[in-house]
Amino acid sequence: MRRGSGRDASPRFGAARLGRALAAALALATAAFPFVARAGEGSPAPASPRADARPRRIVSLAPSVTEILFAIGAGDRVVAVSTTCDRPAEVARLPRVGTWVAPSEEAILALSPDLVIAVPSPGNRDAVLRLRELGLRVEVVGDATLSDAWEAMRRIGEWTGQEAQANALVERLRRELDLVRASVAGRPPRRVLFVVGHDPLIVAGSGLFVDEIVRVAGGDNVAASTGQPWPRLSIESVIALSPEVIVDGSMGSEASEALPSWWSRWESIAAVREHRVRAPSSDALLRPGPRLGEAAREMRDLLRDAGPGADPRAEAR
């Protein structure tokens, strides 16, 4: 989804760099799960606490977990990751053990890890339980909200013996979010719609760190009113929600279409009519990990730059 670090916001960006992170979001949405994904809700409970020595062979089953492990100094003990893990650059050399929603039990067992870390998913629940039955230590960390992210970082720090580094990471990210929040204080919030898929039209709703990041950055997530984490909307619903800005991270084959040409059919939407459709240039907006400060800064800039005179076709080139 994002091999490379350029800031190109072209439609092909969605497939090349955003696709895998957004695929994770869409997997949750299209699985029709009725809950906000967090540890203990629709996922296996945490494994029993152990007094083991620091794990030496760690398998990460989620991009956010992988980034956290490397950020707190435990990356040298990661022996395998999921197919969607692509940051930092060091993970390119690591074996892959399936997707985060469908991990390969056989591949994981063959690596003899002493710690496997997953995030909640209806798809990986059975695999997590079977791996535990086979004697592996498998831990599950929440990934829905900012509170989940802070807790995940601290717990991963405890499990790996990197508590000080994990606490420092949390405090740094909290400060970064506070700086973004302060930078937009006093500005009227923009009504924002964050899109992750076109067919069907799936957006970020309530109970998600994405929703929180929008608010930190000076926005008002119009889809939060649905009360669902990843609602599917009709165009009529979008028109009724009246977003001033659309942040569109469309993925896969949908990314082959220019954003302006896709949205131009609905000029009754203010964000379309006034050229306020924006493409994110970073997958940080859908990874509750060490780049949350980057996510908030990018969202702030997307909202700040989305003025009525801006042409989305310029953003899409």
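Okay, here's what the table says:
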quantity: Residue match in segment 175-191 (condition: surrounded by 23 or more Cβ atoms within 10 Å (Cβ to Cβ), assigned to a helix (DSSP H, G or I) and either within 17 Å of the chain's Cα centre (by Cα) or assigned by TED's automatic domain parsing to the domain that holds residue 289 (or both)); calculated: no
quantity: Single match in 121, 48, 43 (criterion: modelled with pLDDT under 95, farther than 29 Å from residue 178 by Cα, surrounded by fewer than 16 Cβ atoms within 10 Å (Cβ to Cβ) and hydroxyl-bearing (Ser, Thr, Tyr)); calculated: 48
quantity: Failed criterion for residue 128 (all others in (1) surrounded by 20 or more Cβ atoms within 10 Å (Cβ to Cβ); (2) touching a helix residue (DSSP H, G or I) at 6+ places or on another chain (Cβ under 8 Å) hold); calculated: (2)
quantity: Residue 107 vs. criteria crowded, with 17+ Cβ neighbours inside 10 Å, hydrophobic (A, V, I, L, M, F, W, C) and more than 16 Å from residue 293 (Cα to Cα); calculated: no
quantity: Within segment 111-131, tally of residues that are assigned to a helix (DSSP H, G or I) and either of a type in the set (Asp, Glu) or more than 20 Å from residue 69 (Cβ to Cβ) (or both); calculated: 4
quantity: Residue that is assigned by TED's automatic domain parsing to the domain that holds residue 140 and under 24 Å from residue 64 (Cα atoms), where the choices are 161, 205; calculated: 161
quantity: Close pairs from segment 298-311: first in the same structural domain as residue 271 (by TED's automatic domain parsing), partner among the acidic types (Asp, Glu) and at pLDDT 50 or above, Cβ under 8 Å, at least 6 apart; calculated: 306/244; 308/274
quantity: Counted residues, segment 140-174 - those being charged (D, E, K, R), outside any helix (DSSP H, G or I) and surrounded by fewer than 19 Cβ atoms within 10 Å (Cβ to Cβ); calculated: 0
quantity: Residue 238 being modelled with pLDDT of 95 or more and among the β-branched types (Val, Ile, Thr); calculated: yes
quantity: Any hit, segment 243-250, residues being out of contact with any Lys or Arg (no Cβ under 7 Å at 6 or more places or on another chain) and either modelled with pLDDT of 95 or more or loosely packed, with under 15 Cβ neighbours inside 10 Å (or both); calculated: no
quantity: Single match in 290, 260 (criterion: surrounded by fewer than 24 Cβ atoms within 10 Å (Cβ to Cβ), at pLDDT 95 or above and either of a type outside the set (A, V, I, L, M) or not in a loop (DSSP other than H, G, I, E, B) (or both)); calculated: 290
quantity: Residue ID - farthest from the chain's Cα centre (by Cα), chosen from residues in segment 73-107 that are β-branched (Val, Ile, Thr) and closer than 24 Å to residue 166 by Cβ; calculated: 79
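The values are calculated or read from the model by the stated rules, or taken from the named source; none is laboratory data. Because the structure is a prediction, the values reported are computed rather than measured. Glycine gets a Cβ as well: all are built from the backbone with ideal geometry, and neighbour counts include every protein chain shown.
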